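Trainee: Next up is a structure, given as structure tokens.
The values are calculated or read from the model by the stated rules, or taken from the named source; none is laboratory data. This one's a predicted model, so the numbers in the text were calculated from it and none came from an experiment. Because the Cβ atoms are built from the backbone with ideal geometry, glycine has one as well, and the counts that use them run over all protein chains shown.
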Amino acid sequence: MSTNPIRSGPRIVSSNLSTATKLQPQASAQQAAATTKTAAVGHAQLSTFEAKAAPVQAAITQPTPGSWRGGPDTEVGRAVQAIWQRMQNMPGNDISIKGDTPASLLGRAILDGKKVTNEQIIAMSKVTLDQLATDPETRAKVLKKVPNARELDVHKFTVAMLSAATGIDPAKLSEACPDLGLTGAPNTPLLFAASGEGLQRSTALHDFTDYLRGAGVKGVNKAVWGVENRILSAIVSAVGGGRY
């Protein structure tokens, strides 16, 4: 009678072993599937990261505007590099007007401008504050018509471009030329702060080119607007023309 329990014991163990043996391939298959799924997810995540990183890498490796003009061992190459480096740390470079920052507009219209010569780039990099400064009487007229002229985004935008190109301190340039960025001319009835971004951007660029013309850098108006004359180039600017 005592042998029955003894016999039944192995049968139970054998049954359990048999079940376990049957389950092992299933568990192995499930584990393998989970491993494969994890690897696939990890690969997908890596691919997504790489896809997102690609445009960033492209932006980082994008060549400096105007770098095609000459290498670092040339005068124009050194001038371009100095202008672009100043532009990166310039106050007001975060301002956007009509889709452009001071850096993007300076890079596209001037440094990469096919009509702008190497000699003009070198010449503008040597312009001094005295060559650009507005006389005290004219400054007073400007501030009487537009008291907050220096606080306008378009003024800061224009100052950033011209300061980067010349190396003049932006605070001193703003103080000496409060009309930068204003549409019109200080000594005429037409002087105002444009409300539309299209006119603001073209005014900023025209002030840049025409101030340099006044400082002795000839041909920049013509290179950008197609005509050198101050009034005619301003008209081209105002109607949305130009080569930029």
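Trainee: If you go through segment 180-198, how many residues are surrounded by 18 or more Cβ atoms within 10 Å (Cβ to Cβ) and within 25 Å of the chain's Cα centre (by Cα)?
Mentor: 6
Trainee: Would a scan of segment 95-104 turn up a residue that is hydroxyl-bearing (S, T, Y), in contact with a Leu (Cβ under 6 Å, 6 or more places away or on another chain) and closer than 21 Å to A223 by Cα?
Mentor: In the first step, residues of segment 95-104 are kept if they are hydroxyl-bearing (S, T, Y); the result is 96, 101, 104.
Narrowing the set further to residues that are in contact with a Leu (Cβ under 6 Å, 6 or more places away or on another chain) leaves none.
No; the residues of segment 95-104 include none that is hydroxyl-bearing (S, T, Y), in contact with a Leu (Cβ under 6 Å, 6 or more places away or on another chain) and closer than 21 Å to A223 by Cα.
Trainee: Within segment 79-107, track down each residue that is loosely packed, with under 14 Cβ neighbours inside 10 Å, part of a helix (DSSP H, G or I) and in contact (Cβ under 8 Å) with a residue 40 or more places away in the chain.
Mentor: Those that are loosely packed, with under 14 Cβ neighbours inside 10 Å, part of a helix (DSSP H, G or I) and in contact (Cβ under 8 Å) with a residue 40 or more places away in the chain: none in segment 79-107.
Trainee: Does T203 qualify as being in a loop (DSSP other than H, G, I, E, B), of a type in the set (S, T, Y) and in the same structural domain as P91 (by TED's automatic domain parsing)? Quick ask: steps written out before the conclusion?
Mentor: Working: in a loop (DSSP other than H, G, I, E, B): no; of a type in the set (S, T, Y): yes; in the same structural domain as P91 (by TED's automatic domain parsing): yes.
Against the criterion (in a loop (DSSP other than H, G, I, E, B), of a type in the set (S, T, Y) and in the same structural domain as P91 (by TED's automatic domain parsing)), T203 does not qualify.
Trainee: What are the pairs with Cβ atoms under 6 angstrom where one residue, in segment 204-218, is farther than 12 Å from D179 by Cα and the other, located anywhere, is of a type outside the set (F, W, Y) and outside any helix (DSSP H, G or I)? Sequence gap at least six, or different chains.
Mentor: If the second residue must be of a type outside the set (F, W, Y) and outside any helix (DSSP H, G or I), the pairs left are A215/V127.
Trainee: In the same structural domain as L205 (by TED's automatic domain parsing), on the phi > 0 side of the Ramachandran plot and in contact (Cβ under 8 Å) with a residue 40 or more places away in the chain: which single residue out of G184, G167 fits that description?
Mentor: Just a single option satisfies the conditions, and that option is G167.
Trainee: Within the group P147, P189, P178, which residue is assigned to a loop (DSSP other than H, G, I, E, B), modelled with pLDDT under 95, assigned by TED's automatic domain parsing to the domain that holds K218 and not acidic (D, E)?
Mentor: Details: P147 fails: modelled with pLDDT under 95; P178 fails: modelled with pLDDT under 95.
Exactly one residue qualifies, and that residue is P189.
Trainee: OK, next. Can you go through G167, G198, G241, G216 and tell me which one is under 20 Å from K98 (Cβ atoms), out of contact with any Lys or Arg (no Cβ under 6 Å at 6 or more places or on another chain) and not aliphatic (A, V, I, L, M)?
Mentor: On the way: G167 fails: under 20 Å from K98 (Cβ atoms); G198 fails: out of contact with any Lys or Arg (no Cβ under 6 Å at 6 or more places or on another chain); G216 fails: under 20 Å from K98 (Cβ atoms).
Just a single option satisfies the conditions, and that option is G241.
Trainee: On the basis of being under 29 Å from S195 (Cβ atoms) and of a type in the set (V, I, T), does I83 make the cut?
Mentor: Details: under 29 Å from S195 (Cβ atoms): no; of a type in the set (V, I, T): yes.
When the stated conditions are applied, I83 does not pass them.
Trainee: Follow-up question, since we're still on this one. Taking K156 as meeting all but one of (1) surrounded by fewer than 21 Cβ atoms within 10 Å (Cβ to Cβ); (2) over 22 Å from V236 (Cβ atoms), write down the number of the exception.
Mentor: Status for K156: all satisfied but (1).
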